[in-house]
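The block underneath contains the structure these notes are about, expressed in structure tokens.
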Amino acid sequence: MKTITTKAGNSLKILKEEAFEDMAEIALKYGQGCNYETGRCVDGYQVDFDVEVTLKTGETEKFHIVFQSLDRSDNMRAYSSSEMSTAAKYGCDADESVKLNNFTGYDEEIIEILQDKAEKLCKEWFDSNIDEENSEE
């Protein structure tokens, strides 16, 4: 597995990556503050990562990080169709992103790397399922 080193000098190894698509669906998306549909987005998509993080001091710890598709119920963050957020935000006890941030002294680059990977997977799922969704209309 490839090791990624952050600007803060901490290193990240992704030990396992798993996407959960069984609850994923294409949902209506509303623009910021709009009460009308502005597009489609993914809801119910999840990506789990098992990672090993080594601080520049040499201390190493493993974490389970969970990303879920961004909640758009407030119509405020509906910019993209495949945005993801750490799942602790939604009450997922399995997500250790807070513990990871505490361990690294808030080296946000690690979460950003994982979020980017999760969003790419979500975007791939969206792109491969949006045509199917449109053909059903």
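The values are calculated or read from the model by the stated rules, or taken from the named source; none is laboratory data. Everything quoted here is computed from the prediction, not taken from an experiment. Positions of Cβ are generated from backbone atoms using ideal geometry, with glycine treated the same way; all protein chains shown enter the neighbour counts.
Key figures
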| read-out | value |
| --- | --- |
| Residues satisfying the stated conditions in the stretch 106-119, i.e. in contact (Cβ under 8 Å) with a residue 12 or more places away in the chain and out of contact with any Phe, Trp or Tyr (no Cβ under 7 Å at 6 or more places or on another chain) | 107, 109, 110, 111, 113, 117, 119 |
| So residue 97, is it among the polar types (S, T, N, Q), within 13 Å of the chain's Cα centre (by Cα), surrounded by 15 or more Cβ atoms within 10 Å (Cβ to Cβ) and under 23 Å from residue 130 (Cβ atoms) | no |
| Near pairs, Cβ below 7 angstrom, 6+ apart or cross-chain, from the stretch 13-25 (of a type in the set (Val, Ile, Thr)) to any residue that is assigned to a strand (DSSP E or B) | 14/49; 14/51 |
| Meets criteria (of a type in the set (D, E, K, R), surrounded by fewer than 17 Cβ atoms within 10 Å (Cβ to Cβ), at negative phi and at pLDDT below 95) for residue 18 | no |
| Residue check, residue 35 in a loop (DSSP other than H, G, I, E, B), modelled with pLDDT under 95 and in contact with a strand residue (DSSP E or B) (Cβ under 6 Å, 6 or more places away or on another chain) | no |
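Quick grid of which residues meet (1) aromatic (Phe, Trp, Tyr); (2) within 22 Å of residue 122 (Cα to Cα):
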| position | (1), (2) |
| --- | --- |
| 4 | no, yes |
| 8 | no, no |
| 19 | no, yes |
| 29 | no, yes |
| 34 | no, no |
| 43 | no, yes |
| 49 | yes, yes |
| 60 | no, no |
